[in-house]
Amino acid sequence: MSISAKTNLLDFDRAALESFFAAHGEKPFRARQVMQWVHQRGVADFARMTDLSKSLRAWLESECRVAAPRILEQQRSTDGTRKWLLAVDGSENAIECVLIPEKSRHTLCVSSQVGCMLNCSFCSTAKQGFNRNLTTAEIIGQVYLVHHQLLAEGESGVTNVVMMGMGEPLLNFDAVIAAVNLMTDDFGYALSKRRVTISTAGVVPAMERLAGVTDVALAVSLHAPDDDLRDELVPLNRKYPVSELMRACHSYVDGYNRKITFEYVMLDGVNDGLEHARRLVALIGGIPCKLNLIPFNPYPHARYRPSAPATIDRFREYVAGKGIITVTRRPRGDDIDAACGQLVGAFRDRSRRSARYRASLNQFEGVPVAR
């Protein structure tokens, strides 16, 4: 059997791994033992799993593997942010993940797709197009690689995960949930559910489904207080308009001890005026929430400019004054293109969006969008 044909155990959360072992005549507790070896100790060599029988180890060696994405490149920002370029298809496709270190935690920003199926107008990742969904192994493999690299360097491992890298997580629902299950499993990475965040641009049916299968934190990329502007910034809004999105947000928190984090990128002259702030308060004021204001991170040929710091401060003070917890996210890793909206990876674009974008640059280069 070729190595690539072997079953990758990183593709299984605990329930799936127990079923896999049961189908081969093994007790379910074997799944928990293997999970501890792989996810908690970082061991991929079955011969080292000494609490398994020799026959089981031999069978695992012949039929299974533990295969995470392959590291192609690592970069470190002047502010300590770290970025990994990871191969997921031999040499054809690569994704990026980012570690944001702080004194008391290590937050890993994880990708869920090769590229992104959406086309948000301010996002560099969107301009690269889309190839495919990541597998569970490729998603949890990002955590596996970074967590155990940190431990080998004498650091604490990954303490928080945000599904805010490349891609729309809720358009890769099953693989993302299986990976999140591993992140929060006591035999996996044992992260608190409040330390794992799934972000979405507003895939309403998947948000409704999400509420019934997990209790991790939810972040919604809002970026505009009304349909006209959000249609331009987040084209998914044309399918699931603001009224439907807000209904899904209410449904996610009603009857649960949950809050939603709304993400709002600040674009100069586009969505950063006090009138936008007033409409935003009216929109989200009845939902238990926090608002993250994100200074726009420029990239080559971007059509937008970041809002001035004074403008962001005025916007934040107005919304906070209405009783909504509001913070300005400090840009991290922008000198290595690791900040929000800057991840691009390297991959074959099946959507042809990147070719169309490149063709449009002669028309739009240097022309700012303003209102």
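FYI, it's all coordinate maths here, none of it is from the lab. Quick caveat: nothing in here was measured; it's all calculated off a predicted structure. Ideal geometry is used to build each Cβ from the backbone, glycine not excepted, and the neighbour counts take in all protein chains shown.
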Most fluctuating residue given options Gly25, Gly202, Gly42, as computed from a GNM of the chain linking Cα atoms under 10 Å: Gly25
Pairs of alpha-carbon atoms within less than 8 angstrom and 6+ residues apart define the contacts here; what relative contact order does the chain have, in percent? 17 percent
Can you give the helix-only mean residue ellipticity at 222 nm for the chain, where every DSSP H stretch with n ≥ 4 adds -39500 (n - 2.57) and the sum goes over all residues, rounded to the nearest 500 deg cm²/dmol? -9500 deg cm²/dmol
Ordered by packing density, taken as the mean number of other Cβ atoms within 10 Å over each peptide's residues, highest first, how do 59-69, 316-326 rank? 59-69, 316-326
Once you list every other residue whose beta carbon is under 12 Å from the beta carbon of Leu60, what net charge do they have if Lys and Arg are +1 and Asp and Glu are -1? +2
Gyration tensor (alpha-carbon) shape descriptor, region 3-65, a/c threshold 1.5: rounded
Kindly write out, for region 186-199 in residue order, the coupling ³J(HN,Hα) from the Karplus curve 6.51 cos²θ - 1.76 cosθ + 1.60 (θ = phi - 60°), rounded to whole Hz, with x marking Gly and Pro. 4, 9, x, 9, 6, 7, 4, 4, 7, 9, 10, 10, 9, 9
Which of Tyr264, Tyr256 comes first, and how do the rest follow, when ranked by fewest Cβ neighbours within 10 Å? Tyr256, Tyr264
Under a GNM of the chain (C-alpha, springs under 10 Å), which listed residue has the highest mean-square fluctuation: His223, His148, His301? His301
Collect residues whose amide H, placed 1.01 Å from N in the peptide plane, falls under 5 Å from the amide H of Cys116; neighbours closer than 5 in sequence don't count. Gly129, Phe130, Asn131
From the Cα centre of region 26-43 to that of region 210-259, the distance in Å is 37 Å
Using a cut-off of 21 Å between alpha-carbon atoms, which lysines can reach Lys54, once sequence neighbours fewer than 8 places away in the same chain are excluded? Lys6, Lys27
How much net charge surrounds Asn237 when only other residues with a Cβ under 12 Å from its Cβ are counted (Lys, Arg +1; Asp, Glu -1)? -3
Would you please give the residues with an amide H less than 5 Å from that of Val265, counting only those at least 5 places away or on a separate chain, with H modeled from the backbone geometry? His223, Ile294
Considering only the chain, what is the antiparallel percent among its DSSP beta bridges, to the nearest 5? 45 percent
Expected vector for region 39-50, Karplus 3J(HN,Hα) from phi with 6.51, -1.76, 1.60 and θ = phi - 60°, integer Hz, x for Gly and Pro, equals 7, 8, 9, x, 9, 10, 8, 5, 5, 7, 7, 6
Which lysines, on any chain, are close to Lys193 with Cα under 25 Å apart, when same-chain ones fewer than 8 places away are left out? Lys83, Lys103, Lys259, Lys290
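Once you list every other residue whose beta carbon is under 14 Å from the beta carbon of Val216, what net charge do they have if Lys and Arg are +1 and Asp and Glu are -1?
Numbers: positive: Lys193, Arg194, Arg195, Arg209, Arg258, Lys259; negative: Asp13, Asp185, Asp215.
That sum, taken over residues with Cβ under 14 Å, equals +3.
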Euclidean distance of C-alpha centroids, region 300-317 and region 73-101, integer Å: 27 Å
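For region 47-110, what class follows from the C-alpha gyration tensor (a ≥ b ≥ c being the square roots of its eigenvalues): rounded when a/c is under 1.5, otherwise prolate if a/b is larger than b/c, else oblate?
Taking the square roots of the gyration eigenvalues as a ≥ b ≥ c, region 47-110 is oblate.
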Can you work out the Karplus-derived ³J(HN,Hα) for every residue in region 113-125? Use 6.51 cos²θ - 1.76 cosθ + 1.60 with θ = phi - 60°, whole Hz, and x for glycine or proline. 9, 7, x, 8, 6, 8, 9, 4, 6, 9, 9, 5, 4
